[in-house]
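Engineer: Sharing a structure, written as structure tokens. Questions coming.
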Amino acid sequence: MSAQKSIPTTCVTSGRTARAGAHTHTANPPIYQASTILFDNMTALREAQKSYGSGREAYTYGRLGTPTSFALTDALCELEGGYSAFLAPSGLAAISTALLSQLSSGQHLLMVDTVYGPVRKFCDEFLVRMGVQTTYYPVRLGLDIQDWIQTNTALVYLESPGSLSFEIQDTAAICAAAKAKGVTTMMDNTWATPLFFKPFEHGVDIIVHALTKYIGGHSDLMMGAVVCNEHSHPSVRNAMHQTGQFSGSGDISLALRGLRTLSVRMKAHEASALKIAQWFSQQSEVAQVLHPALSSHPQHELWQRDFRGSSGLFGVLFHEKYSEEALTQMVESYKMFGIGFSWGGFESLALPTFGHLKPTRDHATHTLPMIRYQIGLEDIDDLLCDLSDGLKSLSMK
């Protein structure tokens with residue numbers, strides 16, 4: 001009986017079956033630093049050009065793909081169940097280019113109101129100059145999103161869980177409503193990774209990732225990816241190639257390295273974050289913990305239905321009586337938690353997000369002071385001790 005590869009095995013082995021013309025038999029694909037690809041003759045060049053647009057292109061020019069880059073895009077396709085994948089120098093570059101691939105002047109975009117802040121800025125400034133109208137819809141819409149779809153709506157964008165609010169969307173219902181009206185869907189799957197959520201299985205057409213986060217995993221990489229189904233492949237391919245989106249071979253090698261340990265790391269992130277989230281939920285200083293895997297989360301049943309696990313990123317709401325100054329001092333007192341942007345690396349982070357929700361969102365669900373925690377790979381007891389000392393200092397304020 002032939003066994004189907006599990007997700008952890010796929011993380012380790014995917015992308016190692018080289019396309020024709022690449023070197024083989026190494027556990028790690030070599031780093032190909034190439035612009036010009038040489039051909040034996042013009043017939044070979046023309047044959048290679050014929051593969052353009054197939055989703056399994058031959059090597060023709062460094063920007064369009066090398067054995068190193070194809071190893072990563074093939075791996076991402078295998079993990080997500082996609083038709084093709086493309087790389088960009090950051091998550092934001094991947095998202096913005098994917099949006100451009102689907103939108104033209106005069107069209108309408110339905111964007112989830114809890115979207116990552118820089119993407120919102122791209123919509124409110126860049127897309128406005130293009131003549132694209134954006135409407136921010138409430139994160140809790142399901143099939144009723146059909147009432148928000150206009151005659152010129154070209155795209156519905158999802159991000160689940162939502163940035164800072166950690167709300168879960170009913171992806172299958174939203175995609176079904178969009179598909180019924182001929183509208184494409186796109187989803188940011190960075191938080192869950194391909195291990196814990198499968199957007200294509202829920203009807204999504206295009207998946208975007210910030211590989212900077214969990215797939216890179218070591219806080220030393222900036223990269224994004226777009227994974228397509230067959231229907232969306234031509235438009236995304238054209239936008240990625242025509243805007244010159246690509247990543248350097250050294251960075252791609254780092255992403256491949258991170259991918260090999262993704263399953264092991266995500267299990268550790270998940271276990272520690274869930275234990276710490278449960279601990280926070282029992283503390284008197286805390287008003288609410290925004291972690292979808294907790295039974296207290298408003299969309300916990302939806303998360304439980306659709307997701308296969310949870311990552312290390314969640315939010316903690318503190319009671320209103322604690323001032324911004326007091327919470328800032330608590331964060332600054334931590335010895336194990338760094339203060340910084342991004343997440344998904346091996347290190348734990350704590351980032352206050354005071355005022356980031358209400359001023360920019362029409363459908364904000366809370367206004368209490370919040371700290372976003374990324375739980376890394378440190379010993380859980382060390383992290384809990386640090387957090388406990390921080391709360392003691394806060395209670396004395």
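The values are calculated or read from the model by the stated rules, or taken from the named source; none is laboratory data. All of these numbers come straight from a predicted model, not from anything done at the bench. Methodologically, a virtual Cβ is constructed for each residue, glycine included, from the backbone with ideal geometry; neighbour enumeration extends over all protein chains shown. All accessible areas refer to the heavy atoms of the entire protein, side chains included, with ligands and DNA or RNA removed. Shrake-Rupley method; radii C 1.70, N 1.55, O 1.52, S 1.80 Å.
Engineer: Once the dipole of segment 250-397 is set up with Lys and Arg at +1 and Asp and Glu at -1 on Cβ about the Cα centre, which of Leu317, Met370, Thr261 lies farthest towards its positive end?
Structural biologist: Sorting the options by dipole projection puts first Thr261.
Engineer: Another question, if that's okay. With θ set to phi - 60° and the Karplus curve 6.51 cos²θ - 1.76 cosθ + 1.60, what are the ³J(HN,Hα) couplings of segment 384-396 in order, to the nearest whole Hz, using x for Gly and Pro?
Structural biologist: With the stated coefficients, segment 384-396 comes to 5, 4, 5, 5, 5, 4, x, 5, 4, 5, 5, 5, 8 Hz.
Engineer: If you place +1 on the Cβ of every Lys and Arg and -1 on the Cβ of every Asp and Glu, how big does the dipole about the Cα centre of segment 167-275 come out, in debye to the nearest 20?
Structural biologist: Working: 10 positive and 9 negative charges, 49 e Å.
Using only the charged Cβ atoms, the result is roughly 240 debye.
Engineer: Let me ask another. Please compute the per residue accessible area over the chain with all protein chains in place, 1.4 Å probe, rounded to a whole number of Å². Before the final figure, lay out the partial values.
Structural biologist: Working: 16990 Å² over 397 residues.
Dividing the accessible area of the chain by its residue count gives 43 Å².
Engineer: Now, a different point. How large is log10 I(q)/I(0) at q = 0.18 Å⁻¹ when the Debye formula is applied to the Cα atoms of segment 6-143, each weighted equally and without solvent?
Structural biologist: Each listed q maps to, in turn, -1.06.
Engineer: Stretched out fully, how many nm does the piece from Asp147 to Gln242 gain, at 0.36 nm a residue minus the Cα gap?
Structural biologist: Details: separation 95, 0.36 × 95 = 34.20 nm, distance 3.45 nm.
Stretched fully, the Asp147-Gln242 segment lengthens by 30.7 nm.
Engineer: Residues of segment 331-356 with amide nitrogen under 11 Å from the 7 Å Cα-to-Cβ point of Val264?
Structural biologist: none
Engineer: Using only the Cα atoms, what convex hull volume per residue in Å³ does segment 264-397 have?
Structural biologist: Details: hull volume 14.7 nm³, N = 134.
Dividing the Cα hull volume of segment 264-397 by its residue count gives 110 Å³.
Engineer: I'm a student and want to see the number: the projected area of the Cα convex hull of segment 103-238, averaged over all directions, in nm².
Structural biologist: Details: hull surface 32.9 nm².
The number I arrive at for segment 103-238 is 8.2 nm².
Engineer: Which of the listed residues, Ile252, Phe70, Ala326, is farthest toward the dipole's positive end in the chain, when Lys, Arg count +1 and Asp, Glu count -1 at the beta-carbon?
Structural biologist: Comparing the listed Cα positions along the dipole, Phe70 ranks first.
Engineer: Is it possible to state the helix-based mean residue ellipticity at 222 nm for the chain, with each DSSP H run of 4+ residues giving -39500 (n - 2.57), the sum divided by total residues, to the nearest 500 deg cm²/dmol? What is it?
Structural biologist: Values: 13 runs with 136 residues, N = 397.
Taken over the chain, the calculation gives -10000 deg cm²/dmol.
Engineer: Using the Cα centre of segment 1-158 as origin and beta-carbon charges of +1 (Lys, Arg) and -1 (Asp, Glu), tell me which of Gly106, Thr134, Gln33 is placed farthest towards the positive end of the dipole.
Structural biologist: Ranked along the dipole, the leading option is Gln33.
Engineer: Over segment 225-318, what portion of Cα pair distances is larger than 16 Å, expressed as a whole percent? All intermediate terms of the calculation are to be shown ahead of the outcome.
Structural biologist: Values: 3039 of 4371 pairs.
Every Cα pair in segment 225-318 considered, those over 16 Å come to 70 percent.
Engineer: Oh, and also: Mind listing the long-range amide H neighbours of Thr134? Cut-off is under 5 Å, sequence gap 5 or more, other chains count too, H placed in the peptide plane at 1.01 Å from N.
Structural biologist: Sorted by chain and number, the residues that satisfy this are Leu109.
Engineer: Using θ = phi - 60° and the Karplus form 6.51 cos²θ - 1.76 cosθ + 1.60, what ³J(HN,Hα) does each residue of segment 202-209 get, whole Hz, x for Gly and Pro?
Structural biologist: Per residue, the Karplus-derived 3J(HN,Hα) values read 9, x, 5, 8, 9, 10, 10, 9 Hz.
Engineer: Based only on Cα atoms, what mean projected area does the convex hull of segment 192-277 have, in nm²? Before the final figure, lay out each step's value.
Structural biologist: Values: hull surface 27.1 nm².
Projected over every direction and averaged, the Cα hull of segment 192-277 covers 6.8 nm².
Engineer: Rank these residues by their accessible area, most exposed first, probe 1.4 Å: Thr184, Thr328. Don't skip to the end; give the middle numbers.
Structural biologist: Details: Thr184 20, Thr328 45 Å².
So the residues, ranked largest to smallest area, are Thr328, Thr184.
Engineer: In addition: So if I place +1 on the C-beta of Lys and Arg and -1 on the C-beta of Asp and Glu, and nothing else carries charge, what would the dipole magnitude of the chain be about its Cα centre? I want it in debye, nearest 20. Mind dumping the intermediate values first?
Structural biologist: On the way: 30 positive and 36 negative charges, 166 e Å.
The calculated dipole for the chain is roughly 800 debye.
Engineer: As an exercise, find the ratio Rg/Rh for segment 175-236 from alpha-carbon atoms, using the Kirkwood inverse-distance average for Rh.
Structural biologist: Working: Rg = 12.9 Å, Rh = 12.5 Å.
My calculation of the ratio gives 1.03.
Engineer: Where the accessible area of the chain is counted over protein heavy atoms with a 1.4 Å probe, how much of it, in %, is carbon and sulfur? Mind showing how you got there, number by number?
Structural biologist: Numbers: 8880 of 16990 Å².
Carbon and sulfur atoms account for 52 percent of the accessible area of the chain.
Engineer: Moving on. What accessible surface, in Å², does a 1.4 Å probe find on Cys77, ignoring ligands, DNA and RNA and rounding to the nearest 10?
Structural biologist: Here the residue's solvent-accessible area equals roughly 20 Å².
Engineer: Take the alpha carbon atoms of segment 54-76, find their center, do the same for segment 203-249, and report the distance between the two centers in whole angstrom.
Structural biologist: Comparing the Cα centres of segment 54-76 and segment 203-249, I get a distance of 12 Å.
Engineer: Right, here's the next one. If you scale each eigenvalue of the Cα gyration tensor by 5 and take the root, what three semi-axes come out for the chain, rounded to whole angstrom and sorted largest first? Could you put the intermediate results ahead of the total?
Structural biologist: Values: eigenvalues 273, 134, 66 Å².
Sorted largest first and rounded, they come to 37, 26, 18 Å.
Engineer: For segment 193-198, just list the computed ³J(HN,Hα) in residue order, Karplus coefficients 6.51, -1.76 and 1.60, θ = phi - 60°, integers in Hz, with x standing in for Gly and Pro.
Structural biologist: Result, rounded to whole Hz: 6, x, 6, 10, 8, 10.
Engineer: Take every DSSP beta bridge with both residues inside the chain and express the antiparallel ones as a percent of the total, to the nearest 5. Intermediate values should be presented prior to the final figure.
Structural biologist: Numbers: 24 of 42 bridges.
About 55 percent, rounded to the nearest 5.
Engineer: Hey, what's the per residue convex hull volume over the C-alpha atoms of segment 73-127, in cubic angstrom? Don't jump to the answer; show the numbers that get you there.
Structural biologist: Numbers: hull volume 6.0 nm³, N = 55.
It is 110 Å³ per residue.
Engineer: In addition: Taking segment 103-208, which trypsin sites (Lys or Arg not before Pro) meet the DSSP loop condition and have no more than 13 other C-beta atoms within 10 Å? Display every interim value, and only then the final one.
Structural biologist: Details: sites: Arg120, Lys121, Arg129, Arg140, Lys179, Lys181; in loops: Arg140, Lys181.
Sparse-neighbourhood loop trypsin sites (Lys or Arg not before Pro): Lys181.
Engineer: Once you've got the GNM for the chain with C-alpha springs shorter than 10 Å, pick whichever of Gly344, Gly248, Gly106 has the biggest mean-square fluctuation.
Structural biologist: Its mean-square fluctuation being the largest, the pick is Gly106.
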